[in-house]
Amino acid sequence: MLADELDYVVGVDTHRDRHTLAVVARPTGAVVAQIAVQASARGYASALRFADTHAGGARLWAVEGAGHYGAGLTRFLAAHGERVLEVGRQPRGERRLRGKDDALDAIRAARAGLAADALTLPRAGERQEALRVLLLTRRSAVDVRRVALVQLRSVIVTAPEQLRDELRRLPLTQLLRRCSRFRHSESRPADQRAIVLTLRSLARRIEAATAEADGLEREIVKHVRALVPDLLDEPGVGPIVAAQLIVSWSHRDRVRSEAAFARLAGVAPLPASSGQTIRHRLSRGGDRQLNRALHTVILHRRQHDPATRDYIARRVAEGKSARDASRILKRYLARHLYRVMENATPAMT
């Protein structure tokens, strides 16, 4: 356990404007001191001075939200040679039972760090952070495009007969081009004017969101090729899936083993046996975006990879369901891709 190497753990509950710190001593878990600091460079320096005063021995920082509100503090501490542990938020059910405030959350973070078996390093690396924000922005652009497409199709259904018949026969590219070029005309009836204006607005929104998503994807490809280019050679792994894998994994030795990576991805098998039924199921926790990326790869391979189809058929013939076969494939895929990233050269920066 990490506690065997430590004298103190500094727990941090992070928020947008300020962070609350609590120093907990080993082995009792007693609270030594607490303080709140501003979420700014001056506040980070105050936090470090506070730790020097009250946690002068071997210490560890246990930071909630190290990749969000605590990102600035985490970078500051890493630059000053401090050991930082990323801890999860307290489950909502436990908050209902035991109460919640910032001071309590800081103490719980510290005690979670004291009880940890191994160090879970926060995400790091300039390109990894670039990929994270690019993925976030592209995802919102794709969502805008998807919603606008649904709305466009819905408006066409209720359009006047002549316009509806014209537009329903067009492929998507031509449909968007046609709708985006509609002209506003006062000679049309009011309802037709509104429909034409709506179709033009939605078509232009879709085109803009598509162009934005494509531009972001081109930028994502550059970072993926600079970090782990071998990922793009894997069947079913495109730029977006590869970027999500890198963002979740972050850098070499952050995730201590392929089993831990599978658990992070929510593909580690969990016992789900009862009576004479012996089976396992996938975890419903972990990083759901990472889980989705692995699922995307499995879907592609089930359609296009003969070896994957043969494997699933063999497992089904042995009595397993197609879902169980996919679960096993996800676990194998997590192991394989983890090794690809761990063995990537040059080392992550």
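All of the numbers you see were taken from the coordinates with simple rules; none came from a lab. Because the structure is a prediction, the values reported are computed rather than measured. Cβ coordinates were reconstructed from backbone atoms using ideal geometry, including for glycine residues, and neighbour counts include every protein chain displayed.
Extension gain, residue 172 to residue 126, is 12.8 nm, computed as 0.36 nm per intervening residue step minus the present C-alpha separation. Distance between the pseudo-spin-label points of residue 40 and residue 314 (7 Å out from Cα toward the beta carbon): 6.3 nm. On the basis of the beta-carbon distance and an R0 of 41 Å, residue 58 and residue 284 show a calculated FRET efficiency of 0.65. The long axis of helix 126-157 is offset from the longest Cα principal axis of the chain by roughly 30 degrees. Between residue 332 and residue 191, full extension at 0.36 nm per residue minus the direct alpha carbon distance yields a gain of 45.1 nm. A simple spin-label model places the labels of residue 75 and residue 307 4.1 nm from each other, with each point 7 Å out along Cα-to-Cβ. By the helix-only formula, in which each DSSP H run with n ≥ 4 contributes -39500 (n - 2.57) and the sum is divided by residues, the chain has a 222 nm mean residue ellipticity of -19000 deg cm²/dmol. The packing ranking, built from the mean of other Cβ atoms within 10 Å per residue, places the peptides 242-253, 211-222, 56-67, 155-166 in the order 242-253, 56-67, 211-222, 155-166, highest first. Residues within the reach of a label modelled at residue 300 (point 7 angstrom out along Cα to beta-carbon, backbone nitrogen below 11 Å), restricted to region 207-244, are 231-243. Any chance you could give the angle, 0 to 90 degrees and rounded to 10, that helix 102-115 forms with the longest Cα principal axis of the chain? The two axes meet at around 70 degrees.
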